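Read the structure below first, then the notes.
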Amino acid sequence: MVLFNVSRVETTPFDGQKPGTSGLRKKVKVFKQPNYLENFVQSTFNALTPQKVRGATLVVSGDGRYFSKDAIQIIMKMAAGNGVRRVWVGQNGLLSTPAVSAVIRERVGVDGSRATGAFILTASHNPGGPNEDFGIKYNMENGGPAPEGITDEIYENTKAIKEYLTADLPDVDITAIGVTSFGGPDGQFDVEVFDSASDYVKLMKSIFDFESIQKLLSSPNFTFCYDALHGVAGAYAKRIFVEELGAQESSLMNCVPKEDFGGGHPDPNLTYAKELVARMGLGKSNSEVEPPEFGAAADGDADRNMILGKRFFVTPSDSVSIIAANAVEAIPYFSAGLKGVARSMPTSSGLDIVAKNLNLKFFEVPTGWKFFGNLMDAGLCSICGEESFGTGSDHIREKDGIWAVLAWLSILAFKNKENLGGGELVTVEDIVRNHWATYGRHYYTRYDYENVDAGAAKELMAYLVKLQSSLAEVNEIVGGIRSDVSKVVHADEFEYKDPIDGSISKHQGIRYLFEDGSRLVFRLSGTGSEGATIRLYIEQYEKDPSKTGRDSQDALAPLVAVALGLSKMQEFTGRSAPTVIT
């Protein structure tokens, strides 16, 4: 057994970005600055109670992006220096964000140990590479992101830190499964490298009927493809879709995890998942090859998903509504019924109508998975979703991209259980259109303006808030832009009082609500590593079944014009078009 000593290393504080539930995200070159990562990690240890550090078991892994391997070694040595008893690392340093949550909640070590938290190394859907993004966040013992009280304390600690603790350990080989033991001043310290997929696969098999999905995937009239965008989802795709469910290996696209995501942008949307979009028949050029019946993609850390049918895109807002409407009959985990459902405020209100029809508890929360986690921990919510391609359930405390794909495959298997031998399939498009016929359609789009000057973005938001003081003025502007748009009847900044812990979250998005149920929402996103991202959400509800088949952008064109004119988007930002439309 190798013995180690603990050192106290002097450092100076930095005025870094305040970490949110998505953690701290910066360019790699920022994280490579002397003591930058170390300051954040030590500030996190200092923010936790001693019981959650000394003698504890921590998970340290991530999406495999550039700088992850170096960061894992640094964090392991600091964990030993701070008296942590053991660290669990996914093989090759790979664990998806949902898998980390599952490991915290489900995994039991050979000695009976359980994890009390995790450092997750990811910048989610942001690009990776030497000149791109890196990120780190801390998840708690329930498997969910650190609450605001902890992230606030981490931030304050980073501004006052004077030293960090580390151990003079050699680097540990994280490519080989096994346990490496060391001896230090506080006793033994172990690093266990374990299979990244086994715990997660076991959990998925306890939720879904793999046999029925397998029958679907083996049916001669059903075709399937899955694009991991060279993110960590590739570490799970072959195990689940090929080995467990019998899909052809040729169904998998970009499923080798790469430090730079193959030079691509690992964000599963119609703009960045170009190869999958083309394969599914949604590209600009028409291929003569018949598209698969079902396609899906994941982001870098596999917590987001995109669902596609043949020549058909499923909006994330529709996706969570359809999963909730079909879960009880199609997914064994929910066979006893749903406890409730929840959505983030910018997500379309389609889930509200499903909840009302099915007599379910319903919650509208700010953006951020911690709000769902509180509801789930209290037993009030089973299924939840965000319009930003995040969907999940109470099986863990993070959104889960592969779970969402398996949920859709379960629904397709259930709808097609009588015709897998060669009958005409109930398709993804059929399921969505039938859902619209039952619940109405929420025409919905999101415009992202990325890397906008931060000052300009704040000015735009302040202008929109000031405008809310006079609805008469707002409606005069709206009428001058488009006379065929309904009147604004309410305008506010969304504020949420958590029904579990009583905390109040203010300034969660600027809303303009129209008489006919339409909505405009403006929000600054915190998921970028530099500049500001303005997100504009546009929604129109249509309950007339004869009018639910229009092209979404055509249907929303009047509201889009109002949103851009009302906000003076080009005047404030200089942008004539968004970076991404979803």
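Overall, the accessible surface of segment 411-483 at a probe of 1.4 angstrom is composed of carbon and sulfur to the extent of 47 percent. Treating each Cα of segment 441-581 as an identical point scatterer and summing with the Debye formula, the log10 of I(q)/I(0) at q = 0.12, 0.16, 0.17, 0.18 Å⁻¹ comes to -0.51, -0.88, -0.98, -1.08. Solvent-accessible area of Glu450, probe 1.4 Å, all protein chains present, reported in Å² to the nearest ten, please. Surface accessible to solvent at Glu450 totals approximately 40 Å². Near Ala247, the amide H atoms lying under 5 Å from its own belong to Val242; only residues 5 or more places off or on other chains count, and H is placed 1.01 Å from N.
Helix-only estimate, please: 222 nm mean residue ellipticity of the chain, summing -39500 (n - 2.57) across DSSP H runs of length 4 or more and dividing by its residues, to the nearest 500. Write out the running numbers ahead of the final one.
Values: 18 runs with 186 residues, N = 582.
That calculation yields -9500 deg cm²/dmol at 222 nm.
Rolling a 1.4 Å probe across all protein chains gives Met1 an accessible area of roughly 140 Å². Taking each of Lys215/Lys339; Lys162/Lys258; Lys32/Lys162; Lys205/Lys543; Lys137/Lys497; Lys77/Lys162 in turn, the alpha-carbon distance tops 27 angstrom for Lys215/Lys339; Lys162/Lys258; Lys205/Lys543. Each part reduced to its alpha carbon centroid, segment 248-310 and segment 333-352 end up 26 Å apart.
Solvent exposure of the chain amounts to 38 Å² per residue of accessible area, where only protein heavy atoms count and the probe is 1.4 Å.
The alpha carbon centroids of segment 111-163 and segment 474-506 are separated by 33 Å.
With both partners inside the chain, how many of the DSSP beta bridges are antiparallel, as a percent to the nearest 5?
Numbers: 65 of 94 bridges.
Bridges in the chain are about 70 percent antiparallel.
Once the Cα atoms are used to define both axes, helix 36-47 deviates from the longest principal axis of the chain by about 90 degrees. Residue-wise HN-Hα couplings along segment 549-562, as the Karplus relation 6.51 cos²θ - 1.76 cosθ + 1.60 with θ = phi - 60° gives them from phi, are x, 6, 5, 4, 5, 5, 5, 8, 3, x, 5, 4, 4, 5 Hz; Gly and Pro carry x. Using a cutoff of 8 angstrom between alpha carbon atoms and counting only pairs six or more residues apart, the relative contact order for the chain works out to 13 percent.
Per-residue 3J(HN,Hα) values for segment 540-546, derived from phi via the Karplus relation 6.51 cos²θ - 1.76 cosθ + 1.60 with θ = phi - 60°, read 9, 9, 10, 9, 6, x, 6 Hz in sequence order (x marks Gly and Pro). Computed from Cα positions, the angle between helix 148-158 and the longest principal axis of the chain comes to roughly 50 degrees. Across the accessible surface of segment 2-196, with the other protein chains kept in place and a 1.4 Å probe, carbon and sulfur atoms take up 48 percent.
Across the options Asn416, Ser335, Gly262, the greatest Cα extent toward the positive end of the charge dipole of segment 200-439 (unit charges at beta carbon of Lys, Arg, Asp, Glu) belongs to Ser335. Taking amide H positions as modeled 1.01 Å from N, with prolines and chain starts lacking one, the residues under 5 Å from Ser382 and 5 or more places away or on another chain are Lys339, Gly340, Val341. Our coupling estimate for segment 471-484, obtained by passing each phi through the Karplus curve with A = 6.51, B = -1.76, C = 1.60 and θ = phi - 60°, is 5, 4, 5, 4, 5, 5, 5, 4, x, x, 8, 9, 6, 8 Hz, Gly and Pro reported as x.
The values are calculated or read from the model by the stated rules, or taken from the named source; none is laboratory data. Not measured: the values here are computed from a predicted model. A quick note on method: Cβ atoms are made from the backbone with ideal geometry, for glycine too, and the neighbour counts reach across all protein chains shown. Heads up: the accessible areas ignore ligands, DNA and RNA and are worked out on the full protein's heavy atoms, side chains in. Shrake-Rupley method; radii C 1.70, N 1.55, O 1.52, S 1.80 Å.
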